[in-house]
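For reference, the structure is listed below as structure tokens.
Bear in mind that the values in this text are calculations on the coordinates, not laboratory data. All figures in this text were calculated on a predicted structure; none of them were measured in a lab. Please note: Cβ atoms are built from the backbone with ideal geometry, for glycine as well, and neighbour counts cover all protein chains shown.
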Amino acid sequence: MSKIVDEFLRRMRFRSIAEDYSLYEDVRLKYADDKEAMSDWKNCKIRINAWFLVEKYREKGLYRQIAEYMGSGFNWDSGDVIGNAPTPAAQLLFEITEDLIKHKRATDLVRMWRAVIGKQKAAFWYYHSYIAVKELDSGQARVDADRAKARTLKSIDFYIRQLRRLGEDKEIERMRAERRMLVEEKRRKLPKPDDRPMTEGLFWQVLDRGRASAESVAEQSEGVTEELERFKGPAIREFQKILWEKMEDAYRWEIWALAYAAQGGCSDDAFEGFRAWLILQGQQVFEGSLVDVLKVMKKVPAGLSTKAEPLLSAAPIAYVSRTGKSMSPVFPKRHEIKGKPWNEETFAKEHPDIAKHYGAP
């Protein structure tokens with residue numbers, strides 16, 4: 001066994017698969033200049049990847065962490081999950097599904113598959129929002145929406161079959177209702193529009209109600225869309241303006257440090273998703289992070305569940321649903337990132353409390 005793999009296996013934390021995957025990359029980089037260690041690593045028969053890590057977690061029976069990773073760690077909104085030639089990721093999803101059924105882990109099964117299907121539905125409604133707009137050439141949007149719809153229906157049908165094996169009748173009825181709405185390409189019947197203008201206080205209320213509607217981020221974002229559909233077009237667009245203002249408020253080095261440690265690494269794009277997730281958590285958590293990230297750190301879990309890119313599309317989808325027209329773009333004001341820059345190589349010294357909490361090197 002190579003020095004790199006051996007050290008990684010000894011240091012695995014078993015708190016989050018994404019976190020341990022990041023730890024592996026850190027260990028590998030530690031020996032980047034050690035030619036002997038790198039040579040042994042390249043020739044080592046053990047390959048550290050998502051499948052290897054999931055297997056390690058399976059050995060310990062850590063199915064909650066596995067379900068979370070399977071729901072958030074893969075891009076289920078592209079490519080068929082159910083088909084004649086499933087991808088390796090889809091095959092792993094099936095294996096975990098069998099494990100959860102065998103061990104009667106219904107809660108984890110529901111959490112995992114709702115996250116998978118939530119991502120697929122979000123992709124469908126995103127493409128569908130362009131079909132409804134007459135002034136756009138919607139031909140490609142129709143093609144993309146049809147693919148996303150077929151993909152989602154296959155997943156729902158598979159999920160329902162697994163639920164039958166556990167006798168989860170209430171969840172089956174819920175998914176059947178979702179399936180009917182998707183087949184008909186209908187969102188819920190919209191009530192008479194709320195005449196209130198969108199204020200910052202109402203902005204947070206919409207997020208709180210949307211977040212309370214589900215567990216997975218994709219479903220929570222859909223809940224926000226449904227809440228926004230209650231309002232008139234101008235209010236929906238104002239929501240998007242406030243959202244981007246909050247995104248810019250959170251464009252800070254210390255918040256990026258929190259995201260970096262929690263997710264085990266955080267690119268520019270990932271940081272955008274993290275800021276959206278932070279906003280989705282509500283006013284208290286978000287505004288607390290602007291004052292002192294250490295005070296909200298315990299409310300930010302390790303792993304990849306802290307990403308909420310679908311929230312950024314909630315208002316445009318709701319606008320089309322309410323008005324039948326596309327929402328004119330809301331362009332964020334580009335500001336320089338605030339705060340004191342930090343370096344990955346000296347992260348633990350610059351942010352010792354965050355590094356200690358998440359076990360970052």
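Ratio of Rg to Rh for region 46-190, alpha carbon only, Kirkwood?
Radius of gyration relative to Kirkwood radius: 1.02.
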*Have a look at Pro86, Ile66, Ile131 and report the one farthest towards the positive end of the charge dipole of region 1-160, computed about the Cα centre with Cβ charges (Lys/Arg +1, Asp/Glu -1).*
Ile66
_Contour minus Cα-Cα distance for Glu55 and Lys338 (0.36 nm per residue)_ = 97.8 nm
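Using only the Cα atoms of region 165-227, build the gyration tensor, take square roots of its eigenvalues as a ≥ b ≥ c, and label the shape rounded, prolate or oblate: rounded if a/c is under 1.5, else prolate if a/b is larger than b/c, else oblate.
In terms of gyration-tensor shape, oblate.
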*Got a sec? Which residues in region 278-298 would a label at Lys356 touch, if it sits 7 Å along Cα→Cβ and we count backbone N under 19 Å?*
292-298
*Sequence neighbours fewer than 8 away in the same chain don't count; with that in mind, list the lysines whose C-alpha is under 27 Å from Lys42.*
Lys3, Lys30, Lys56
_Quick check: the angle from helix 200-211's long axis to the longest principal axis of the chain, C-alpha only, nearest 10 degrees?_
70
*What angle do you read, to the nearest 10 degrees and between 0 and 90, between the alpha-carbon axis of helix 268-280 and the longest principal axis of the chain?*
60
*asked:* Could you tell me the relative contact order of the chain? Use alpha-carbon pairs under 8 Å, at least six residues apart, and round to a whole percent.
replied: 18
*Report the charge-dipole magnitude of the chain in Debye, nearest 20, computed about the Cα centre from +1 at each Lys and Arg Cβ and -1 at each Asp and Glu Cβ.*
1040
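Using helices alone, I'd like the mean residue ellipticity at 222 nm for the chain: each DSSP H run of four-plus residues gives -39500 (n - 2.57), total over residue count, nearest 500.
On the way: 19 runs with 235 residues, N = 361.
The helix contribution divided over the chain gives -20500 deg cm²/dmol.
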*GNM result for the chain, Cα springs below 10 Å: residue of Trp41, Trp277, Trp113 fluctuating most strongly*: Trp41
_Per DSSP, loop GluC sites (Glu not before Pro) in region 90-175 with at most 14 further Cβ within 10 Å_ = Glu135
*Nearest 20 debye, what's the magnitude of the dipole of region 130-264 about its Cα centre given +1 on Lys and Arg Cβ and -1 on Asp and Glu Cβ?*
680
*Counting Lys and Arg as +1 and Asp and Glu as -1, what is the net charge of the other residues whose Cβ lies under 12 Å from the Cβ of Glu287?*
-1
*With springs only between Cα atoms under 10 Å, which of Leu311, Leu243, Leu290 fluctuates most in a Gaussian network model of the chain?*
Leu290
*Reach of Lys340 by Cα under 17 Å, taken over aspartates and glutamates that are not fewer than 8 positions away in the same chain*: Glu248, Asp249, Glu254, Asp268, Asp292, Glu350, Asp353
*Roughly speaking, what is the stretch gain from Arg15 to Glu200, that is 0.36 nm per residue apart minus the C-alpha to C-alpha distance, in nm to one decimal?*
63.0 nm
*Amide N proximity, region 199-243 versus Lys192 label position 7 Å along Cα-to-Cβ, cut-off under 18 Å*: 229-233
*Any idea what log10 I(q)/I(0) is at q = 0.07 Å⁻¹ for the chain, Debye with uniform C-alpha scatterers and no solvent?*
-0.34
_I want to check the label-to-label distance for Asp146 and Ser267. Put each point 7 Å from Cα in the C-beta direction and report it in nm to one decimal._
3.1
*asked:* Tell me the angle of helix 169-183 to the major Cα principal axis of the chain, expressed in degrees between 0 and 90 and rounded to the nearest ten.
replied: 60
*In nm, give the distance between the simple-model label positions of Cys44 and Val183, each being 7 Å from the Cα along the Cα-to-Cβ direction.*
5.1
